[in-house]
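The values are calculated or read from the model by the stated rules, or taken from the named source; none is laboratory data. Bear in mind that the values here come from a model prediction, so they are computed numbers and not experimental data. Note that each Cβ is placed from the backbone with ideal geometry, even for glycine, and that neighbours are counted across all protein chains shown. Keep in mind that these areas ignore ligands, DNA and RNA; they rest on the heavy atoms of the full protein, side chains included. Shrake-Rupley method; radii C 1.70, N 1.55, O 1.52, S 1.80 Å.
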Amino acid sequence: MSKAPLRVAVTGAAGQIGYALLPRIASGAMFGPDQPVILQLIEIPVEKAMAALQGVAMELEDCAFPLLQDMVLTSDVNVGFKDVNWALLVGSKPRGPGMERGDLIKENGPIFTGQGRAINDHGASDVRTVVVGNPCNTNALIAMHSAPDVPNDRFTAMTRLDQNRAMAQLATKAGVASSDVTNATIWGNHSATQVPDYINTKIGGKPASEVITDMDWLRGEFFTTVQKRGAAIIAARGLSSAMSAANGLVDHVRDLFLGCEGTRSVCVPSDGSYGVTEGLISSFPVRCTGDNGYEIVQGLELDDFLQERLVATVAELAGEKDVVADLL
Ligand code: NAD
Ligand code: LMR
């Protein structure tokens, strides 16, 4: 017997990430090859955006994906989030050259109050939300605060792209396949202060710092490449990452939904673990337990360099929270 369809809302569905993301969801890459989906596509109530969304929907139709049971196209969040099991919050302004992601906070933050409320009021009883729109940690915090009836642990934000970037950099340096890099760990904010961990990230099952012993590279080029990769893509493309961002989101949701071996980097509400202030949404290594469950991995050790930077990225998250205090 075929499974009941999942309802998946995607905001900003006519944008760059949306274009790379929607065929991956509809083809089964996110929820599995036997899981039908209904896509609820949300855009801004502007003629050009809604026309572009129509075009994207026509293309999805023309792919004849067997798992795509239906589509809803709307600019009304109360319709778009109706009965959704997963809400993928992508729609928001991307940064341009010379900006930090945090510079978007005043413009993008308010988007997530109305969306959080609509998810609260109209989402399915098992609704899960992931925020991609930047600054994603703090936007997820805003959505979470706007949805008081939805348990906090249902709100996550995405550092999976950073995790994948770290895996690729380490694999290239070590001359191994990216699949040999496991438990790749990003701590803190999805920003230039994020902390890519070279101790708890493993290469061939050993700490990356035991395989790549060049600490200057690990604390220098590796660190800054991962932290500033988003800006490097913007400088090269003139547009922010889209294909790799969509891929990161597919990985993020799939591993939570289906479960996986090892650990993954996910921004989740802090319970105070590792000294990260409770109530912030921070990237942690989590174990995905299947059926959307996760737990923050406990008992990991950091060296002084990583520990100092973890304190700094948490301070940045606390500062972002202060900036949006009126939205919480
Ligand atoms: P884009 O400009 O190509 O598309 C954004 C789309 O969102 C547009 O179509 C726009 O009309 C729509 N939109 C804006 N406000 C909306 C709202 N309130 N409701 C519904 N739709 C809305 O941008 P993009 O390249 O797709 O990037 C989207 C966001 O994702 C940006 O904030 C970007 O910085 C962020 N991003 C995050 C990561 C990450 O790793 N967390 C990676 C890449 C991009
Ligand atoms: C990224 O990491 O590529 C995104 O967050 C986009 C950006 O602004 O860097």
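Here are some conditions: (1) modelled with pLDDT of 95 or more; (2) open to solvent by 10 Å² or more (accessible area, probe 1.4 Å). Residue 40 meets all but one. Which one does it not meet?
Among (1) modelled with pLDDT of 95 or more; (2) open to solvent by 10 Å² or more (accessible area, probe 1.4 Å), residue 40 violates only (2).
Can you tell me which condition residue 52 does not meet? The list is (1) open to solvent by 30 Å² or more (accessible area, probe 1.4 Å); (2) more than 9 Å from ligand 1 (Cβ to nearest atom), and all the others hold.
Of the numbered conditions (1) open to solvent by 30 Å² or more (accessible area, probe 1.4 Å); (2) more than 9 Å from ligand 1 (Cβ to nearest atom), the odd one out for residue 52 is (2).
Checking residue 58 against (1) over 19 Å from residue 87 (Cβ atoms); (2) touching a residue at least 12 places away in the same chain (Cβ under 8 Å); (3) more than 15 Å from ligand 1 (Cβ to nearest atom); (4) open to solvent by 30 Å² or more (accessible area, probe 1.4 Å), which test does it fail?
Every condition holds for residue 58 apart from (2).
Based on this model, can you work out whether residue 228 counts as within 16 Å of ligand 2 (Cβ to nearest atom), open to solvent by 20 Å² or more (accessible area, probe 1.4 Å) and at pLDDT 95 or above? Spell out the reasoning first.
Values: within 16 Å of ligand 2 (Cβ to nearest atom): yes; open to solvent by 20 Å² or more (accessible area, probe 1.4 Å): yes; at pLDDT 95 or above: yes.
The answer is yes for residue 228.
For residue 219, which of the numbered conditions (1) surrounded by 15 or more Cβ atoms within 10 Å (Cβ to Cβ); (2) part of a loop (DSSP other than H, G, I, E, B); (3) more than 13 Å from ligand 1 (Cβ to nearest atom) fails to hold?
Just one mismatch for residue 219, condition (2).
For the subset of the stretch 155-209 comprising residues that are in a helix (DSSP H, G or I), of a type outside the set (S, T, N, Q) and open to solvent by 40 Å² or more (accessible area, probe 1.4 Å), which member is nearest to ligand 1 (Cβ to nearest atom)?
Result: 168.
Test of understanding: among 224, 213, which residue is part of a loop (DSSP other than H, G, I, E, B), assigned by TED's automatic domain parsing to the domain that holds residue 309 and away from ligand 1 (no atom under 16 Å from the Cβ)? Quick ask: steps written out before the conclusion?
On the way: 224 fails: part of a loop (DSSP other than H, G, I, E, B).
Only one candidate passes the filter, namely 213.
Of the residues 123, 98, which is open to solvent by 10 Å² or more (accessible area, probe 1.4 Å), under 22 Å from residue 153 (Cα atoms) and either at pLDDT 95 or above or within 15 Å of ligand 2 (Cβ to nearest atom) (or both)?
On the way: 98 fails: under 22 Å from residue 153 (Cα atoms).
Within the list 123, 98, the selection yields 123.
Considering only residues that are open to solvent by 30 Å² or more (accessible area, probe 1.4 Å) and under 20 Å from residue 122 (Cβ atoms), which ones fall in the stretch 61-80?
Answer for the stretch 61-80, where residues must be open to solvent by 30 Å² or more (accessible area, probe 1.4 Å) and under 20 Å from residue 122 (Cβ atoms): 69, 70, 71, 72, 73, 75, 76, 77, 78, 79.
Inside the stretch 239-251, can you point out the residues that are within 13 Å of ligand 2 (Cβ to nearest atom) and outside any loop (DSSP other than H, G, I, E, B)?
Within the stretch 239-251, 243, 244, 245, 246, 247, 248, 249 meet the criteria.
Go through the stretch 276-292 and report how many residues are touching a strand residue (DSSP E or B) at 6+ places or on another chain (Cβ under 7 Å), aliphatic (A, V, I, L, M) and assigned to a loop (DSSP other than H, G, I, E, B).
Of the residues in that region, 1 qualify.
Going through 127, 150, 131 one at a time, which residue ends up being closer than 27 Å to residue 227 by Cβ and among the aliphatic types (A, V, I, L, M)?
On inspection, the qualifying residue turns out to be 131.
Test residue 307 against the criterion of being without any contact (Cβ under 8 Å) to a residue 24 or more places away in the chain and either among the small types (Gly, Ala, Ser) or not assigned by TED's automatic domain parsing to the domain that holds residue 85 (or both), and give yes or no.
Judged against the criteria, residue 307 is a match.
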